[in-house]
Amino acid sequence: MEFKISKDLIQQLEQLIQSKNDQQLEVLLNDLHHADIAEILDELDFDEATYIFKVLDSEKTAEILLELEDDLRENILRRLSAKEIAEELDELDTDDAADIIAELPQSKMEEVISELEDVEHAKDIVDLLRYDEDTAGGLMGKELVKVNVNWNVLTCVKEMRQQAEHVTRVHSIYVVDDEDRLKGRLSLKDLLTTSTKTPISEVYIKKVDYVKVDTPDVEVARIMQKYDLEAIPVVDEMGRLVGRITIDDIIDVIKEEADKDYQLAAGISQDVEADDSILELTRARLPWLVLALFGGFVTVHVMGLFEAVMKEHGKLFFFTPLIAAMAGNVGVQSSAIIVQGLANNAITGTLAQRLLKELSLSLLNGFILAVILFLGSHFLLGFEFAIGEVVAIALITVIITASLIGTFIPIVLNKYGIDPALATGPFITTSNDILGILIYLNIARVILGF
């Protein structure tokens, strides 16, 4: 059952902190999962959260540190000494430790590294820090189990027992040569059912999925998702095994990418959260709002060019919001489907084939909606036949245009290495609004004789 924070629990914790009853605090929190404790600390103020953090054992707080909100973690790290931070990092896997230490100022980072007790652990962390955080090298951990292709089963078992002491969870057993180049993987079942004298070269599986240290994190996520992998080995430029990436790291990547795409689609240009400052939220949201405002100016200018038509047939004005809204909605629908397909690597065929399919779909949808609009405007609203004809034809044309633009732009952006999620936000909506009004009023001028 999922843990829920209660007001009574928060009040109880605050009372224990005020009375400095450390023993009772430990008793109250020790049986909780580290993610639940992190959630509790996020509900307390910085001083109270830091106090609890220092009371609990490093083995527990190290995991809590990973789950904290960024602001709270930054504040707690600022209040801990280099030695105290090093004690936390000694309890973490190398990838998690590298993520934490990367958040520190350069001067404190060096102090913390010098305070790490395990020299090999410190070397691994320093090695990971040289990789870009958005690559496989930045995601990987050094903890893994590997065996030499020249060993026999008995030697492998002995070596694996020693290596497994430093690995939290053994997902795979990797096979390497004398130069540490990745050769394949070893099935635990084959290892258990094979004679101890059998050479590993006779039983290991040569086919193994892997990524290179410079592979982008989203590509790693796609590969692991496609092949349903719990872990994937990472090799360097020479094919040497240097680490592994586990599924928990990839879940974080998928979540971050989804959050970023959602914010881009909503017209937010930076990674922000609801609790960020007003200035940070303004910087993230204002650029796209300015774009939408200029788009509105352009729309007003376009409508001004057709002032004579609007004066003669004032009823056309009532349909302008409808045309603009349909253009925006259809464009966002089309682009959202394409962006989703690009993210899942599910877009097949050429650009021309995609556009032809979208043209057929928009023709069908446009015709059905145009018939409904024509009948509604003529029989329900009592508008003259000519107005209904203009609006119906304009609606079909606008839907086709918006669909093609919504399909074309994400594919082109993706081709040139630009995040296609940009195409599902205000960019598409604003451009299609302008085009929709322009198409609508031009059709009105032609049909009505202006």
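Of note:
- Candidate set: the stretch 206-226, residues that are more than 14 Å from Gly184 (Cα to Cα) and over 19 Å from the mean Cα position of the chain (by Cα); chosen: the one least open to solvent (accessible area, probe 1.4 Å): Val213
- Selected residue (criterion: nearest to Arg79 (Cα to Cα)) from residues of the stretch 27-42 that are at pLDDT 85 or above and not hydrophobic (A, V, I, L, M, F, W, C): Asp42
- Flag if Leu322 is buried (at least 16 other Cβ atoms within 10 Å of the Cβ), at pLDDT 85 or above and closer than 18 Å to Ile443 by Cβ: yes
- Scanning the stretch 1-44 for residues being without any contact (Cβ under 8 Å) to a residue 24 or more places away in the chain and surrounded by 12 or more Cβ atoms within 10 Å (Cβ to Cβ) gives a total of 5.
- Looking at the stretch 137-216, the strands (runs of 3 or more DSSP E) lying wholly inside it that each contain 3 or more residues that are at pLDDT 90 or above and out of contact with any helix residue (DSSP H, G or I) (no Cβ under 8 Å at 6 or more places or on another chain) sit at 182-186.
- Filtered by the rule that a residue be assigned to a helix (DSSP H, G or I), of a type in the set (Val, Ile, Thr) and either open to solvent by less than 40 Å² (accessible area, probe 1.4 Å) or touching a helix residue (DSSP H, G or I) at 6+ places or on another chain (Cβ under 7 Å) (or both), the stretch 105-136 gives Val112, Ile113, Ile125, Val126.
- The set of residues in the stretch 354-387 being small (Gly, Ala, Ser), surrounded by 16 or more Cβ atoms within 10 Å (Cβ to Cβ) and at pLDDT below 85 consists of Ser377 alone.
- Qualifying residue in the stretch 70-87 (condition: in a loop (DSSP other than H, G, I, E, B), touching a residue at least 12 places away in the same chain (Cβ under 8 Å) and either open to solvent by 80 Å² or more (accessible area, probe 1.4 Å) or over 30 Å from Leu129 (Cα atoms) (or both)): no
The values are calculated or read from the model by the stated rules, or taken from the named source; none is laboratory data. Remember, it's a predicted structure, so these values are computed and weren't measured experimentally. When we count neighbours, we look across all protein chains shown, and the Cβ atoms used for this are built from the backbone with ideal geometry, even at glycine. The protein model used for the area step is the full one, side chains on, heavy atoms only, and it has no ligands, DNA or RNA in it. Shrake-Rupley method; radii C 1.70, N 1.55, O 1.52, S 1.80 Å.
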